[in-house]
Structure formats: C-alpha cells, structure tokens
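To keep things clear, I will list the structure first and then write my remarks on it.
The values are calculated or read from the model by the stated rules, or taken from the named source; none is laboratory data. In this text the structure is predicted, and so the values were computed from the model without any measurement. Cβ placement follows ideal geometry from the backbone for every residue including glycine, while neighbour counts extend to all protein chains displayed.
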Amino acid sequence: MKNDILRATTFDLAIAEIGREHAELVDRLERLRKMLTCRPERERCGECKSGNIADCRDASTEFMTDLLDYMQNHFRVEEAAMRRLDATVAEQEAAAAHVEAHADMMERAVNLIRLAELQEERVAARDLIGDWLREHIATHDALLLDRLRWAAAQSAA
C-alpha cells in the first residue's frame, strides 16, 4: 500500500514537473523570438553598427546554448519518468522512439547553433527548435503525460 502511494506521488510529481518545464520552454522560445526580431529579410541587421550585431549574435547564441541545456535536462526528466512506468511492448517501443526524438533534436540543434554566425541562421535555429518543440509536445509528450496520468490513477486505486 505505501509503495503504491509513493508511486502515485512520483507519477503526479513527474506530471507536474513536465508541465512546468513545458511552460518554461515555451516562455524561453518566446524570449528568443523577441531577441531575434531583426530578421535579415527586413534588412534591420544592416542598420545596426557592427558592434551591435556582434553583441546580438553573442547574446542570442548564449541564450540558445542555455535553452539547449534546459531542454537536455527536461529530456532527462521525461526519460526518467518513462523508465518508472510498467510499460507494454508497444509503450516501450513508443518510449524508445521518444528518446530517439530527443537525441535527434539535440544533435540537429547543437549543429545549427555552431553554425549560427549570421542572423538568418540564428532565426533558422530558433524556428527549428520552436517548430520541433511544439510538434514534440503535441505528439510524444502528450502520450507520455496520458500514460503517466493513467499510471498515477492505477497506483492510487
């Protein structure tokens, strides 16, 4: 009985933590969007002094690096929650695909940020991360949260 209560609490905590981290990721992406408002097609970067462009590049690259660190820590939380589930074979396969999606996104984002010397590449990195995150939360993470809610309800029953 005590173990079941502990598991339900663990699942509930995982659900709350993942939800909080999703909100934080969305907030950080919005801050990054505002930071990178001078899109090259508007030629606004050309209106800046070269020192300002360098400062913008450095600040946005640092912000994106911090964002990736946060994403990687978030992925660890999700993956730890997945390991706590008593999963069926199909759920294990879905979890493996979920983990692979995390690894793939991190690899692509890290490579893009390394190349982000020009404003348009930083905008491309921002858009890739934002688009990927929205799609990932709507698919993989929605399924994980549903499974965690079901496990919490089963443990509490």
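Apart from one condition, V110 fits all of (1) closer than 21 Å to V26 by Cα; (2) modelled with pLDDT of 85 or more; the exception is (2).
Annotation for the stretch 55-74: at least one member residue is at pLDDT 85 or above, under 13 Å from the mean Cα position of the chain (by Cα) and either among the aromatic types (F, W, Y) or over 23 Å from R126 (Cα atoms) (or both).
Checked against (1) surrounded by fewer than 19 Cβ atoms within 10 Å (Cβ to Cβ); (2) under 16 Å from A23 (Cα atoms), I129 passes all but condition (1). Pairing residues of the stretch 24-40 that are over 13 Å from F63 (Cα atoms) and at pLDDT below 70 with residues that are part of a helix (DSSP H, G or I) and not aliphatic (A, V, I, L, M), at Cβ distances under 7 Å and at least 6 apart in sequence or on separate chains, gives C38/C45; C38/Q119; P40/Q119; P40/E120.
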